[in-house]
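In what follows, a single structure is set out as structure tokens and then discussed.
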């Protein structure tokens, strides 16, 4: 049965998140789809409907607690147990409320919590807010989401409550979502785990107010500072083992990708901290060093989870899949289509949308070109400003790597134009992966195949450049594909290149049903280069790896009370959880299962780059520029748009039918306006308020100098001394974690799920001429083998969004996320703008056509825009 793509009126908003399956123009995008899910299944716990009847609660008044810290880890104990002033029960009134919570399992014993309100306006002798009387909550709860009635004590003389102190006297942890009091109407947006007192002496949750540190009510300042010290792990030894209940956010190098203690060939270089391998920082896990390589960290077992701060954990630990080992290549297209038979064994895969409407259209040049603008990677196409295309590789190391595509190769397919005229009229475009692939190509092609073990197949790949012509109807036509290899005698002698052009006998839009040519194989190699670059650089690096330090620094330096923390927090959702899972079972080398069986991590098997993929992403990071990822800047840099990047709505697009650009600019504009309106509320005093915001400055300094320390001296970093810098930075972070991530991630199964359309592994020498005949079996023998195809499909087939996940502009606690009515109103206006964008995208998609497209009244067929796919969640990216 075909996989149904759910449509939504808005794009998803979450942040980074295995390669996924819907990009601009991918099957099923929505204008509000801004967010990491596809390959790795999201690990949220069960989220049933609210079940008030599932909980029976009793409340009683307790004597003030001293916040016991027995059994707590050093990091937790460091700021616990302060002596604070409390009120007496004689002067307190009862306050009714409701507590929304969640447990991952059905507890065998009752939930026992102690809750104490904390004054925001009256401080005690210790300069902290006076605590109210502690009330005990005893409740019987089930797994999933539960709402219980609560009754707290509060002395009106203490003014408004600013926080609630929660102690868990149960023998199991519980996740608190929201505490709402009726009179006075106060909301505490918790979203945090509370472990038993032996692990968490207490948790402090603030109200939904927002203010910068300098404007914090004096009674809350010390508690605000204490929370940040705890999250930074201050007071705890740097080498103290971190446990699953800890909340410490800290940094480490990418030194856990290899497994040298298991096998020498599984060692991988440390990424980050060196000029050779620059990289963003990841979350520190505190595992001991490897015995074989002390610079590397030991791997966690496949059955264990990798440490992340407990509030970042959104469900059960993702397990390494146990897939069957298959040998060899597909013998026919019928064998590939057989995977989608409802009775197929061992897994019946859903029909990828690229073949759901037309089983052969994927072979046409028209569809190949369409996917360049509206497939899983719509970000690599660039304007050609001159021929020959030149390389930036060091000639001393690699010799002449310039393109060998000449006007003689392409002029016959330019109609009545010359090459010079086509360049002058902005009609030539290129997708150029040559320089990214070539430095590693010799090593990739020398990787030993070990197909019998199902670990990795033999590879034969090329570095590719693909040239396109922009036709009068604003569609692209492929003109030439250049396949290059290192010189067989010495890499320093330059590249050996062959240029392939479309066979003369095929008319536009045609694909012979029973024969293939070398041109088809050239397109397969171009698609393979494109898929790998998208996977490791455009997706993993830009939305997962580079955003992780932003998330870490935000939690270490921005209080949950900080307005920018509240703005960005939804877009951080799942980022650390997904990234830790990626390092654990996706982007590393390999591990041993219980029982001794070997597990090779997915990407090294499923992509032609093999064990070099992460190294290659490090080389790409060396030229990373955060400011160029603001959407208008990114379009202008690639030459596909002209104009003032500050006026996105006025940009001139050189390719009019470019769904990613057309639809994306409308979403970017809505994001930018929302961030502008929001920041104007809290920084009304102007640039000085930004420069004087100590938490904000500490956050951005840590992002630059620690999280991205290898690039800290780059001149492009925003100074963060103006409202303009703040707005542009926050808008870019939101864009990367939502719409951008959706474009490069959520369409993977829709296009990559049918491996002949978008192979990720190639093998075998190319035939000489573009028109050389190739049998169906020979074509399939050159592309992704069965084992890799099976793994890739299993990785990307999960729905990108779970039911109930909030979309961009939505929040799980939409009515209570803030007490600032102007901010709440701005969010509603943002929602309305996204709804309007979604409607516009729908109408444009209805008019768009392509070989694999139909009018999009049915969710089964590929959509023409990446922004009409229901890409859920407002949190971090969760597909890797």
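Within region 733-754, is there a residue that is farther than 28 Å from residue 666 by Cβ and either touching a helix residue (DSSP H, G or I) at 6+ places or on another chain (Cβ under 8 Å) or crowded, with 22+ Cβ neighbours inside 10 Å (or both)?
Residues of region 733-754 farther than 28 Å from residue 666 by Cβ: 753-754.
Checking the rest, the ones that are also either touching a helix residue (DSSP H, G or I) at 6+ places or on another chain (Cβ under 8 Å) or crowded, with 22+ Cβ neighbours inside 10 Å (or both) come to 753-754.
Yes, there is a match, as at least one residue in region 733-754 is farther than 28 Å from residue 666 by Cβ and either touching a helix residue (DSSP H, G or I) at 6+ places or on another chain (Cβ under 8 Å) or crowded, with 22+ Cβ neighbours inside 10 Å (or both).
Considering only residues that are surrounded by fewer than 24 Cβ atoms within 10 Å (Cβ to Cβ) and in a helix (DSSP H, G or I), which ones fall in region 586-604?
none
Is one or more of the residues making up region 785-796 assigned to a loop (DSSP other than H, G, I, E, B) and over 16 Å from residue 522 (Cβ atoms)?
First, the residues of region 785-796 that are assigned to a loop (DSSP other than H, G, I, E, B): 785.
Those left that are additionally over 16 Å from residue 522 (Cβ atoms): 785.
Looking for residues that are assigned to a loop (DSSP other than H, G, I, E, B) and over 16 Å from residue 522 (Cβ atoms), one finds at least one in region 785-796, hence yes.
State yes or no: is residue 493 touching a helix residue (DSSP H, G or I) at 6+ places or on another chain (Cβ under 7 Å) and modelled with pLDDT of 95 or more?
Details: touching a helix residue (DSSP H, G or I) at 6+ places or on another chain (Cβ under 7 Å): no; modelled with pLDDT of 95 or more: yes.
Criteria not met by residue 493.
Give the residues of region 692-711 that are more than 22 Å from the chain's Cα centre (by Cα) and under 19 Å from residue 627 (Cβ atoms), sorted by residue number. Talk me through it step by step, then tell me what you get.
At the first step, the residues of region 692-711 found to be more than 22 Å from the chain's Cα centre (by Cα) are 692-698, 701, 705.
Listed by number, the residues that qualify are 696, 697, 701, 705.
So, residue 663, is that one farther than 18 Å from residue 473 by Cβ and surrounded by 23 or more Cβ atoms within 10 Å (Cβ to Cβ) or not? Break it down stepwise before answering.
Working: farther than 18 Å from residue 473 by Cβ: yes; surrounded by 23 or more Cβ atoms within 10 Å (Cβ to Cβ): yes.
The answer is yes for residue 663.
Given the criteria surrounded by fewer than 24 Cβ atoms within 10 Å (Cβ to Cβ) and not in a loop (DSSP other than H, G, I, E, B), does residue 781 qualify? Walk me through it before giving the result.
Details: surrounded by fewer than 24 Cβ atoms within 10 Å (Cβ to Cβ): yes; not in a loop (DSSP other than H, G, I, E, B): yes.
Judged against the criteria, residue 781 is a match.
When you check residue 513 against the structure, is it modelled with pLDDT of 95 or more and either closer than 16 Å to residue 613 by Cα or surrounded by fewer than 24 Cβ atoms within 10 Å (Cβ to Cβ) (or both), yes or no? I'd like the intermediate steps shown before the answer.
Numbers: modelled with pLDDT of 95 or more: no; either closer than 16 Å to residue 613 by Cα or surrounded by fewer than 24 Cβ atoms within 10 Å (Cβ to Cβ) (or both): yes.
No: the conditions fail for residue 513.
Within region 374-396, is even one residue assigned to a helix (DSSP H, G or I) and more than 29 Å from residue 336 (Cβ to Cβ)?
Yes; the residues of region 374-396 include at least one that is assigned to a helix (DSSP H, G or I) and more than 29 Å from residue 336 (Cβ to Cβ).
State whether one or more residues within region 609-631 are farther than 30 Å from residue 702 by Cα, touching a strand residue (DSSP E or B) at 6+ places or on another chain (Cβ under 7 Å), modelled with pLDDT under 95 and not assigned by TED's automatic domain parsing to the domain that holds residue 433. I'd like the intermediate steps shown before the answer.
Let us first name the residues in region 609-631 that are farther than 30 Å from residue 702 by Cα, namely 609-611.
Checking which are touching a strand residue (DSSP E or B) at 6+ places or on another chain (Cβ under 7 Å) leaves us with none.
Looking for residues that are farther than 30 Å from residue 702 by Cα, touching a strand residue (DSSP E or B) at 6+ places or on another chain (Cβ under 7 Å), modelled with pLDDT under 95 and not assigned by TED's automatic domain parsing to the domain that holds residue 433, one finds none in region 609-631, hence no.
The values are calculated or read from the model by the stated rules, or taken from the named source; none is laboratory data. Predicted, not measured: the structure shown is a model, and the values here were computed from it. Don't worry about glycine lacking a Cβ; one is built from the backbone with ideal geometry, like all the others, and counts go over all protein chains shown.
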